[in-house]
Amino acid sequence: MYYRKSVSVSIAVLLVIGTMSLAFSKSVAKGNPEVKPGVVEPLNLAVLIQDDVISQVSNELGVTRDFIRSLPEGSRVMVGYITAGSLQVRQPFTTDLDKAAKSLRVPISSATSAPFNPYVEVLQALKKFDSSWSNANAVLLVSDGLDISRGFDSTAAGHTLDLDRVIKESNKRNVSVFSFYAPSVGITSRSNIAASYGQSSLNRLGKETGGKAFFQGTSGFVTFDSYFTRLKETLNRQYAKAS
């Protein structure tokens, strides 16, 4: 009698597990928003953060670290900061995702660290991708996108020399550029026009390199949680291999 009860309990447990697994699979297939799948295919990813973005970006380091650690085995990640006059590489490309995640630091969030535009340093980062790597190549750029190196007017919005160079180099090296808009402590945190110019540049950069720009409005600051969810969905649509 005891044996039969034990067998019955075991069968019941297996049936429950099977039902839960089936429900989870259907939930993923239907795109249930409560199920958040990760990136499916390994990537070569350069995470670049503009050093003069507002201090609220520091609150998003945790979710950024989580994203890096969640990438599939075989991914390579570089972490760099776009600061005045140079690209500061905190972590060269590595397959040690935890090491890359830990290399993130709090942005300086000061005008003293402001570049005239982020695109000169993005160009430097693009040259660190190795053509022999087999994974898809991508940049995640956290920036206000504004280029004031040659003036500030509507004709320059989205059509500057350095932005053109980055688009050309990205396509040459097969690197898609994705961006999260964040205002800087400078003009983009005070001027909606400046913010819209920066977003226009990021939008063009994404569209012409096979990437995407993520932003919501020109004022205030939106957390990165929803951006990362949409980024994962976009990466999977573009790079996931057919089963």
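The values are calculated or read from the model by the stated rules, or taken from the named source; none is laboratory data. If you're wondering where the values come from, they're calculated on a predicted model, not measured in any experiment. Cβ sites come from the backbone with ideal geometry, for glycine too, and all protein chains shown count toward neighbours.
Test of understanding: among L141, L104, which residue is buried (at least 23 other Cβ atoms within 10 Å of the Cβ) and either among the hydrophobic types (A, V, I, L, M, F, W, C) or within 25 Å of G62 (Cα to Cα) (or both)?
L141
Would you confirm whether any residue within the range 43-64 is closer than 25 Å to R237 by Cα and among the acidic types (D, E)?
Yes: the range 43-64 contains one or more residues that are closer than 25 Å to R237 by Cα and among the acidic types (D, E).
Mind checking whether some residue in the range 202-213 is in a helix (DSSP H, G or I), surrounded by fewer than 17 Cβ atoms within 10 Å (Cβ to Cβ) and of a type outside the set (D, E, K, R)?
Looking through the range 202-213, none of the residues is in a helix (DSSP H, G or I), surrounded by fewer than 17 Cβ atoms within 10 Å (Cβ to Cβ) and of a type outside the set (D, E, K, R).
S170 - would you say it is out of contact with any helix residue (DSSP H, G or I) (no Cβ under 9 Å at 6 or more places or on another chain) and at pLDDT 90 or above?
no
Say whether the condition of being outside any loop (DSSP other than H, G, I, E, B), on the phi < 0 side of the Ramachandran plot and surrounded by 23 or more Cβ atoms within 10 Å (Cβ to Cβ) is met by at least one residue in the range 162-169.
yes
When the residues of the range 181-199 are narrowed to those that are hydrophobic (A, V, I, L, M, F, W, C) and assigned to a helix (DSSP H, G or I), which ends up farthest from N117 (Cα to Cα)?
Step by step, filter the range 181-199, then rank; the result is I193.
Go through the range 78-118 and give me each residue that's assigned to a strand (DSSP E or B), free of Cβ contacts under 8 Å to residues at least 40 places away in the same chain and over 22 Å from D144 (Cα atoms).
Of everything in the range 78-118, those that are assigned to a strand (DSSP E or B), free of Cβ contacts under 8 Å to residues at least 40 places away in the same chain and over 22 Å from D144 (Cα atoms) turn out to be Q91, P92, T94.
Return a yes/no flag: does the range 69-81 have any residue that is among the aliphatic types (A, V, I, L, M), at pLDDT below 95 and closer than 21 Å to L202 by Cβ.
Checked against the condition, which is being among the aliphatic types (A, V, I, L, M), at pLDDT below 95 and closer than 21 Å to L202 by Cβ, the range 69-81 yields no hits at all.
If you check L235 against the conditions, is it hydrophobic (A, V, I, L, M, F, W, C) and under 24 Å from T160 (Cβ atoms)?
no
Sort through S189, S176 and tell me the only one that's small (G, A, S), under 23 Å from V77 (Cα atoms) and in contact (Cβ under 8 Å) with a residue 12 or more places away in the chain.
One residue alone meets the criteria, S176.
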